[in-house]
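Inspection log for the structure reproduced underneath, given as structure tokens.
The values are calculated or read from the model by the stated rules, or taken from the named source; none is laboratory data. It should be emphasised that the depicted structure is a prediction, and the values quoted were computed from it without experimental measurement. FYI the Cβ positions are ideal-geometry reconstructions off the backbone, even for glycines, and counts take in every protein chain you see.
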Number of protein chains: 2
Amino acid sequence: MLEGPLFSAAPSTPQIQQPYPGVWRITFDSPEGLTPVGTRHYPPAAASLDALPKAGPCPLPQDAIDGQATRGGYIVSLPLEANELVYGLGLQFQSFIQRGGKKMLRVNADPKMDSGDSHAPAPFYVSTRGYGVLIDTARYATFYCGSTDRRARHTRTTENREPAQDPIAGVLPAAYRRLRLGERNEVLVEVPRVAGVDVYVFAGPTMRLAVQRYNLFAGGGALPPRWGLGLWYRCGSTLNQDEVLALAREFRERKIPCDVIGLEPGWQTHAYSCSFLWDKKRFADPATTIDRLNKDHFRLNLWEHAYTHPSSPIHEDLLPFAGDYAVWGGLVPDFLHPEARRIFADFHGREHVALGVSGYKLDECDNSDFTGNWSFPEISRFPSGADGEQMHSFFALRYQDTIQSIFDRRKTRSYGLVRSSHALAAPYPYVLYSDLYDHKEYIRALVNSGFSGLLWAPEVRDARSTDDLIRRLQTAIFSPLAQLDTWYMKNPPWKQVERRANSAGRFASGWEEIEAQCRKLIELRMRLLPYLYAAFVRYRKQGVPPFRALVLEYPDEPETWTVDNQFLVGESLLIAPVTAEESKRSVYLPAGSWYDFWTGERHPGKRRLDVTVPLDRIPVYVKSGTLLPLAEPALHAEDETGWQLTVQVYGAGETPAVLYEDDGSPDPQFAEVKLSWDPERKSGSLERTASISGYRYTVNQWQVIGDSRE
Amino acid sequence: MLEGPLFSAAPSTPQIQQPYPGVWRITFDSPEGLTPVGTRHYPPAAASLDALPKAGPCPLPQDAIDGQATRGGYIVSLPLEANELVYGLGLQFQSFIQRGGKKMLRVNADPKMDSGDSHAPAPFYVSTRGYGVLIDTARYATFYCGSTDRRARHTRTTENREPAQDPIAGVLPAAYRRLRLGERNEVLVEVPRVAGVDVYVFAGPTMRLAVQRYNLFAGGGALPPRWGLGLWYRCGSTLNQDEVLALAREFRERKIPCDVIGLEPGWQTHAYSCSFLWDKKRFADPATTIDRLNKDHFRLNLWEHAYTHPSSPIHEDLLPFAGDYAVWGGLVPDFLHPEARRIFADFHGREHVALGVSGYKLDECDNSDFTGNWSFPEISRFPSGADGEQMHSFFALRYQDTIQSIFDRRKTRSYGLVRSSHALAAPYPYVLYSDLYDHKEYIRALVNSGFSGLLWAPEVRDARSTDDLIRRLQTAIFSPLAQLDTWYMKNPPWKQVERRANSAGRFASGWEEIEAQCRKLIELRMRLLPYLYAAFVRYRKQGVPPFRALVLEYPDEPETWTVDNQFLVGESLLIAPVTAEESKRSVYLPAGSWYDFWTGERHPGKRRLDVTVPLDRIPVYVKSGTLLPLAEPALHAEDETGWQLTVQVYGAGETPAVLYEDDGSPDPQFAEVKLSWDPERKSGSLERTASISGYRYTVNQWQVIGDSRE
């Protein structure tokens, strides 16, 4: 009955290198080649890594990490100290603190259980002790983050063991007691099918710096075009070109800001699988249609997925560069193979982007263990040498590489949506979305996304009520991509939230009032555009996630450790969304003092606040000292009125704000626009480091909100 | 970037053997030793296999099955013909037809998604073409049951491919069209971490015979003691010995049949993890308590799990025979090791069974990927050589071996509950249960359990309403173990369904009426006891699942293929449960004609019936020709009034009924009691093959239900 040993006899001695300042690679035995680092498209942002504060020695000493071959895989053990928490592992919907959990990082659509399955699992975590760890694998690795209980530590002496005593237990809810935070433990990572693995460690010393180094190692954060930060509206999928144009006109006429119109499956001759050909019955003249949209400052975004229908003109060419299993009868391009990327990109460039298409929504690129099992199996084989397990981890990123190559060649920026991602995703101008729809989970995903170099769109689709519509829109406008995705109805949801009545043109009485409330929220998004854009420039240059959890900024305040329903946007804004079920909520304000954006009321930090939230407000707090630039609410991002700013001065206004001007090219020179406030003279100033053609901000007004002597 | 090949260069040539008539073993390369067959406790029921109808050649020719080593595992491909469906894969809650699905067979508690995770995944499926397949592995194998689309079959010729044409598409709901039933496909099974695998094929020629051969290969079906088929009642976990005795008295006084009282966690000094020691504060004198229960014909069943607390007297002895990770601070016994089994069984035998304990409820023996990650990791190591992945698959079965050894040594039968199981489970007198609680899923689990040699208890716990209580109890009385598990309240649920009010003794007004309805249902269970017992004897002797899907009996009627909410009990009863949400339902009656048990109305078969169902009835249909023996409704299974039968004659009563008498020992001699009806003379007869000490049936009355000339 006895079998060979599960583990190799002795732990191996790892090789350690420091390829970039503050970044260590620890190599155990013989890693495979097809890994996130091994197949990366973007090089590390070496200069930006150099520019970060210097890191000391590796925060995890080499001898603190063990690696051993197992039966059919490899296992790594990393230390976990008492009272140390870890976060990340990609786009997790149901959990926040990852300590205490076991997560198997499988790529999957619509994970409804907290098992690690995710649209975008990333084998990266960040610790409250100020370091990050990337396990460089495309395998479905299992992370045991202090959830296990190695028996060597348990003998008779643990008899009548009480729940762990720890200094911060008191501030955490009772549910967290099971985490045994007061005990040392370990993070165990099991990687199947490999004979070794590279572990990357990213130094802090702060949590945020560790994430910054991870994002810069990935290549630096994505920089969307300005129009990408305006409103996105995806039309009903039955609309034809005239109806789309009419809808666009309606937005302009009714003064609802909008930058991007998205088309859903209906635009192609075949959608499941995809032909990538315009359906001329609905879109007889796509070039003219796009031209007319562009002239009115709309961009067009196209839905698609990659599984290529036999009727597609590229099917024949792609056949030799595809996997051995089909999806919906369509072939699965091997995007790890340069020929597959070239064939796919050339066609898309010629047939769509050349006509003015601004970008794509890349659907169905995850996996289907919970959604009807339509995807290719893990045992698939691809010409590049990848198997299906690896390909599921890579598919979305290499698909994005393919699509981005079109825009890179044209030296234009794009911004789009994608339903899957993985490690080293920061440079990709693609925002994740899901067919799941729980509002609280959407908020948690937004909070979690910033740990792992991901962007997440809590898009507005259905609404059970107008309250639900407005509450969801409030969250959407404080996200990387503010989108209404009403693919199943013909008219904007503020006219009627009920699907069938909407499409039948039966509008709710008093819908203009709801429209007005939505318009106001979208206008707020447009007013924040310079601020949001600056946050993205810092994502590009310094790796700072534009949307991030409180704990990432304030890990020394244990109260922030559990906060999965508030987040920071840019340097100075704290957002605490409310769902339709709620009329009040609790908000934690960290150190410093904070101003209510709506009332100007000042609240001291390091405490909880119970707030009652009227429907027309989402709780927003501005850090004392902030200079908050607000644009005029333009109808689209190219409207020059949006470059005229009102600067709100909070508290003493002692923290200069930096905005960025550039020419909109993919890798531009930036002019820094520094806003400063002199509290004595009560006057503000704008300094510009350079003169760049393109957007140029001017300040129309300085508006003192808080008492500047506070 | 290119790696080594995913698959070995050439498929290997398998070795084929026929160890038993109608059972073939096909060996691919070098299987590992720790498999369900390799670690089996019960030998195949060779004589019973011999007694089945002869099988022809192997229903899957050797050259129809391929096997190949993959990177880190092994893959097997089996044929799947056009219009062939497969069922099984263990205790699946969310799916029924397995064709079209991908299932990863991980052992897990509370799987809320249809991913293959299950309390009791079994790597066995049965086909409508009348054969079964067991993949002999304890690994988390992935089954792709015709869900994949091997690209070789897709070329330009599939352009504009329409949904598959197939002769039976018309009878299946639209949702099944995606299964592409009209096409040939394959069942792919990927087994990780192995270098080969044994595939067992079980011949029919009928679907039911294939399952019978699988169950007999497992050792034959479980035979519970008669008392196991009475009512089970699990007390509130806070009750002490006096309160338990008082509750038992209440059952007898209020004439509610009951055979088994179950204790929940409160009886031990430590429950998470377990000490296995009586808590003398609550149970000062367990021996006397059990004695008093036994004298009143109650059996006592004890809840426990196997994770052994340091304060347990066996902890020290078990230490060398335990896994290297703890669960809830308790050690994990290596039940694959004979010493662990011996230590564990000796203690339980001495401290519990010797006092009169009749059996156990073996909890928490699955895994915790969806329930807080409390269990041991897959990378655990056990002294037997098993790793954690294997041990999760084995744990419940080897735990049952351990506990059964106590009763085997005492030559008594036991019957109990267990929360996990796997392959070759038929001989185990343990019934599965779950903390999930969807009534429709509970019914589907009951229907599915019969495909895979499993027993399932749709126990009654919570009830949202008295309707819910009654509807759930109706399902429970037509199941292998009829249990009320009210561990969180002090009083029977018919007095008050609301937990807190129940425990506070605030009973609903008119509760006596609800109690009367419940009593009536439990009495029906007691009346069916001889019939149910006979069905279990046939499970033991012939491997026929006592509870089974319609398709298993009527695979030639495509209408049965999707029926996951009706089931057959024994030879002649068709049950169609109703949930609290419903007042009517559709029932499919297969070939033959069927009588409504409640009204005696006759319905022709091969058609659907829409029935309105009053709260006091669960739809039950009796096959025409049946002689249905009904006992007097005794208060417990040892009451001799229960041996006096009324035999209901349905239709012409042409099918003799066979009951069984025996002495109650674990492996008894049976006397067959054959009931026959002469429709001409309108008289019945009872013939007995032998005289056995113990139960002896007598017929008090023959009752003609249907018109015998029909």
### Task
Scan the range A:454-471 residue by residue and report those that are over 27 Å from A:SER420 (Cβ atoms) and small (Gly, Ala, Ser).
A:SER465
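For residues in the range A:183-203 being in a strand (DSSP E or B) and away from every other protein chain (no Cβ under 14 Å), which is farthest from A:ARG106 (Cα to Cα)? Lay out the reasoning, then the answer.
Of the range A:183-203, the ones in a strand (DSSP E or B) are A:185-192, A:195-203.
In the following step, the residues that additionally are away from every other protein chain (no Cβ under 14 Å) were identified as A:198-203.
Details: A:ASP198: 19, A:VAL199: 19, A:TYR200: 20, A:VAL201: 22, A:PHE202: 23, A:ALA203: 27 Å.
In this case the residue turns out to be A:ALA203.
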### Query
If the Cβ limit is 9 Å and pairs must be 6+ apart or interchain, which residue in the range B:553-579 that is under 16 Å from B:LEU529 (Cα atoms) and touching a residue at least 24 places away in the same chain (Cβ under 8 Å) pairs with which residue that is among the hydroxyl-bearing types (Ser, Thr, Tyr) and in a loop (DSSP other than H, G, I, E, B)?
B:VAL569/B:SER479; B:GLU571/B:THR626; B:GLU571/B:THR655; B:SER572/B:THR626; B:SER572/B:TYR650; B:SER572/B:THR655; B:LEU573/B:THR626
### Query
Pairs, please: C-beta under 7 Å, at least 6 apart or cross-chain, first residue free of Cβ contacts under 8 Å to residues at least 40 places away in the same chain and farther than 13 Å from B:ARG226 by Cβ and in the range B:650-679, second part of a loop (DSSP other than H, G, I, E, B) and of a type in the set (Phe, Trp, Tyr)?
B:VAL673/B:TYR697
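Yes/no per residue for (1) of a type in the set (Asp, Glu); (2) touching a Lys or Arg at 6+ places or on another chain (Cβ under 7 Å); (3) within 12 Å of another protein chain (Cβ to nearest Cβ); (4) closer than 26 Å to B:ASN367 by Cα:
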{"position": "B:GLN268", "(1), (2), (3), (4)": "no, no, no, yes"}
{"position": "B:TYR272", "(1), (2), (3), (4)": "no, no, yes, yes"}
{"position": "B:PHE283", "(1), (2), (3), (4)": "no, no, no, no"}
{"position": "B:ARG292", "(1), (2), (3), (4)": "no, no, no, no"}
{"position": "B:SER312", "(1), (2), (3), (4)": "no, no, yes, yes"}
### Residues of the range B:21-39 that turn out to be in contact with a helix residue (DSSP H, G or I) (Cβ under 8 Å, 6 or more places away or on another chain), within 28 Å of B:PRO205 (Cβ to Cβ) and crowded, with 18+ Cβ neighbours inside 10 Å, as a count
4
### Query
Has the range A:628-649 got any residue that is under 15 Å from A:LEU573 (Cβ atoms) and part of a loop (DSSP other than H, G, I, E, B)?
no
### Message
So the check is Cβ under 6 Å with 6+ separation or different chains; which pairs have a first residue in the range B:368-393 that's within 8 Å of chain A (Cβ to nearest Cβ) and a second one that's assigned to a loop (DSSP other than H, G, I, E, B) and among the acidic types (Asp, Glu)?
### Response
B:PHE370/B:ASP110; B:ARG381/B:ASP324; B:SER384/B:ASP334; B:GLY385/A:GLU3
### Qualifying residues in the range B:69-98 (those that are farther than 26 Å from B:GLU32 by Cα and within 11 Å of another protein chain (Cβ to nearest Cβ)) - the one surrounded by the most Cβ atoms within 10 Å (Cβ to Cβ)
B:GLN98
### Message
Let me spell it out: the conditions are (1) at pLDDT below 95; (2) over 14 Å from B:ARG193 (Cα atoms), and B:GLY38 meets all of them except one. Which number is the exception?
### Response
(1)
### Query
Of A:ALA284, A:ALA306, which residue is within 27 Å of the chain's Cα centre (by Cα) and over 22 Å from A:THR486 (Cα atoms)?
A:ALA306
### Query
If you scan the range A:494-515, which residues turn out to be closer than 23 Å to A:PRO633 by Cβ and crowded, with 16+ Cβ neighbours inside 10 Å?
A:TRP494, A:LYS495, A:TRP511, A:ILE514, A:GLU515
### Query
Going through the range B:358-371 one residue at a time, which ones are in contact with an Asp or Glu (Cβ under 9 Å, 6 or more places away or on another chain) and not in a loop (DSSP other than H, G, I, E, B)?
B:TYR360, B:LYS361, B:LEU362
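For the range A:39-50, enumerate the residues that are in a helix (DSSP H, G or I) and either of a type in the set (Val, Ile, Thr) or over 16 Å from A:VAL211 (Cβ atoms) (or both). Let's see the steps before the verdict.
So the first thing to find is which residues in the range A:39-50 are in a helix (DSSP H, G or I), and the list is A:46-50.
Of everything in the range A:39-50, those that are in a helix (DSSP H, G or I) and either of a type in the set (Val, Ile, Thr) or over 16 Å from A:VAL211 (Cβ atoms) (or both) turn out to be A:ALA46, A:ALA47, A:ASP50.
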#### Entry: Candidate set: the range A:109-118, residues that are farther than 11 Å from A:SER434 by Cβ and surrounded by fewer than 24 Cβ atoms within 10 Å (Cβ to Cβ); chosen: the one nearest to the other protein chains (Cβ to nearest Cβ)
A:MET113
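Under the condition of being part of a strand (DSSP E or B) and at the interface with chain A (Cβ under 9 Å from one of its Cβ atoms), which residue from the range B:314-349 is nearest to B:LEU397 (Cα to Cα)?
Quick first cut of the range B:314-349, residues part of a strand (DSSP E or B) only: B:322, B:325, B:327, B:330-331, B:333.
Imposing the further condition that a residue be at the interface with chain A (Cβ under 9 Å from one of its Cβ atoms) reduces the set to B:322, B:325, B:327, B:330-331.
Details: B:ALA322: 16, B:TYR325: 20, B:VAL327: 18, B:GLY330: 20, B:LEU331: 18 Å.
Going through the qualifying residues, I end up with B:ALA322.
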### Query
Just one of the numbered conditions (1) touching a strand residue (DSSP E or B) at 6+ places or on another chain (Cβ under 7 Å); (2) assigned to a loop (DSSP other than H, G, I, E, B); (3) more than 14 Å from every other protein chain (Cβ to nearest Cβ) is not true of A:TYR399; which one?
(2)
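Listed here are the residues, each with its yes/no results for (1) at pLDDT below 95; (2) under 23 Å from A:TYR176 (Cα atoms); (3) in a loop (DSSP other than H, G, I, E, B); (4) touching a Ser or Thr at 6+ places or on another chain (Cβ under 6 Å).
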| residue | (1), (2), (3), (4) |
| --- | --- |
| A:VAL76 | no, no, no, no |
| A:ALA120 | no, no, yes, yes |
| A:VAL126 | no, yes, no, no |
| A:ARG129 | no, yes, yes, no |
| A:ALA138 | no, no, yes, yes |
| A:SER147 | yes, yes, yes, no |
### Query
When the residues of the range B:169-192 are filtered to those that are touching a strand residue (DSSP E or B) at 6+ places or on another chain (Cβ under 6 Å) and of a type in the set (D, E, K, R), which remaining residue is modelled with the lowest pLDDT?
B:GLU186
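Take the conditions within 15 Å of A:THR371 (Cβ to Cβ), surrounded by fewer than 24 Cβ atoms within 10 Å (Cβ to Cβ), among the aliphatic types (A, V, I, L, M) and within 13 Å of chain B (Cβ to nearest Cβ) and apply them to A:MET104. Does it pass? Please lay out each step first, then the result.
On the way: within 15 Å of A:THR371 (Cβ to Cβ): no; surrounded by fewer than 24 Cβ atoms within 10 Å (Cβ to Cβ): yes; among the aliphatic types (A, V, I, L, M): yes; within 13 Å of chain B (Cβ to nearest Cβ): yes.
For A:MET104, the condition - within 15 Å of A:THR371 (Cβ to Cβ), surrounded by fewer than 24 Cβ atoms within 10 Å (Cβ to Cβ), among the aliphatic types (A, V, I, L, M) and within 13 Å of chain B (Cβ to nearest Cβ) - is not met.
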### Query
Out of the range B:588-617, which residues are touching a Lys or Arg at 6+ places or on another chain (Cβ under 8 Å) and crowded, with 21+ Cβ neighbours inside 10 Å?
B:LEU589, B:PRO590, B:TRP594, B:TYR595
### Task
Tell me, yes or no, whether the range B:420-442 has at least one residue that is crowded, with 24+ Cβ neighbours inside 10 Å and without any contact (Cβ under 8 Å) to a residue 24 or more places away in the chain.
no
